[in-house]
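Each reported figure results from applying straightforward, stated rules to the coordinates on display, with no laboratory input. Owing to the predicted nature of the structure, the values given are computational and were not obtained by experimental measurement. FYI the Cβ positions are ideal-geometry reconstructions off the backbone, even for glycines, and counts take in every protein chain you see.
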């Protein structure tokens with residue numbers, strides 16, 4: 001072998017030896033790391049307590065930020081909420097083929113007009129909306145088109161899951177999310193604050209009660225071909241409104257026409273002459289002022305002439321009537337003679353106490369003032385005594401009647417749930433304990449409860465009787481003014497009921513605008529025939545829901561109009 005070959009072989013051998021040496025270092029490090037990993041796994045599995053190694057995620061609600069706060073009923077059922085609803089917009093300068101793009105857009109959104117879409121795609125403006133409130137499927141299909149000039153802008157839509165059920169209470173928001181009516185508008189400062197997304201607005205409304213009231217009103221309104229209807233259920237001791245229905249109504253999820261008749265909340269916007277329900281205030285003020293006693297009798301033997309006006313009774317007895325009989329048989333003549341004895345000044349003072357000279361109080365906008373007589377003389381005083389010549393809203397009436405039966409305190413109506421805790425938000429309202437003015441004495445209130453019970457058991461409110469419940473109430477029927485003249489065939493009929501009368505908790509009111517008599521009611525369309533049965537049915541259905549259970553053997557305490565008391569036996 002030559003010396004050159006030996007040299008080459010020696011060089012190869014040295015290079016291989018150097019390579020082996022270099023390889024030893026990373027292999028050793030790898031073995032060391034792997035050994036440490038094995039040791040650590042063994043220590044975890046044998047020596048450590050696995051329970052200490054579990055990562056515990058604290059439980060709690062996940063904050064969801066929305067543009068507008070949810071509205072819930074008193075039981076937590078959602079009445080209004082926000083859902084994602086992206087909008088489709090376009091940058092026309094990025095659209096290369098407007099005709100094709102328009103065709104593809106309309107194929108996904110067939111409710112759009114192709115010519116209008118095409119005009120927007122060809123516009124010289126920089127940015128235009130094509131359609132708002134897209135569904136998830138529509139969003140996916142628009143994305144799949146792949147046109148760079150089409151933009152899906154993040155947005156939310158206000159949704160009312162209950163549809164028409166409480167539309168006048170809730171109100172609605174416009175396309176831009178601006179509130180236009182109802183609690184949406186009244187509580188906008190709270191509802192429009194995204195930081196309060198997890199602090200919903202709890203209303204006093206009970207959707208179960210709301211549903212029952214609306215269902216009965218809809219059915220009766222159709223049966224008697226009435227123009228409109230309204231109804232309220234309220235707690236007489238807290239002022240909480242559990243139901244407020246106005247018909248016709250609207251769906252906040254559908255297009256809104258602000259000037260249409262269905263947008264009017266008849267419970268607060270339009271004053272009505274209520275008729276004989278006003279006799280409740282007439283008798284209450286007469287008894288409370290001490291001017292009249294229950295045993296006093298008044299001449300109702302014939303119609304009463306006052307100037308050029310003659311006052312008649314619809315249910316004439318043609319004899320002297322005492323106060324319980326005047327109220328129970330709804331005598332206009334008797335009420336007029338009572339108020340003549342009471343006097344105009346006392347009448348006006350008490351009506352003001354009952355809140356019947358002012359707007360009703362509730363967390364809504366658009367409240368209307370009562371319409372009072374321009375001149376308040378003797379004849380006006382008499383007509384007001386039985387509910388003609390003065391017009392108030394249904395909420396005015398309900399709040400005032402509640403004060404008559406709850407012990408004599410005028411408690412304002414509220415749409416906010418009142419069973420508050422320390423953590424319950426005030427929604428911007430005063431947190432001071434309420435002070436309710438006294439309008440009549442507790443003793444007068446007790447007497448009026450007895451009379452209202454008589455009016456149902458023995459008088460014009462008989463169709464409001466409910467098995468197992470002590471119901472009291474008063475009918476109301478008033479002719480409407482048409483072109484400055486009272487029209488005998490166009491009437492407002494209503495009934496206000498309270499239960500249970502031995503310990504009042506709830507007041508139920510139903511009213512119908514221009515109902516028409518039917519064969520089953522002998523063509524009568526008075527409050528006793530039309531509205532009283534509605535109130536009775538509502539009480540029968542909501543009583544158990546509200547925890548007022550029926551009792552057996554409910555007896556009339558004052559049958560045959562014999563008043564059990566110190567004044568008449």
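A few notes on this one:
- Note on residue 195/residue 124: beta-carbon distance plugged into 1/(1 + (r/R0)^6) with R0 of 41 Å gives a FRET efficiency of 0.55.
- Shape call, region 71-201: gyration tensor on alpha carbons, a/c limit 1.5: prolate
- Using the Cβ-Cβ distance between residue 369 and residue 99 with R0 set to 51 Å, the FRET efficiency from 1/(1 + (r/R0)^6) comes to roughly 0.30.
- Extension gain for the segment residue 309 to residue 487, taken as residue separation times 0.36 nm less the Cα-Cα distance, is 62.5 nm to one decimal.
- For peptides 254-267, 167-180, 202-215, 494-507, sequence by mean Cβ density within 10 Å, most packed first: 494-507, 202-215, 167-180, 254-267
- In this label model, residue 467 and residue 113 are separated by 6.1 nm, measuring between points 7 Å along each Cα→Cβ vector.
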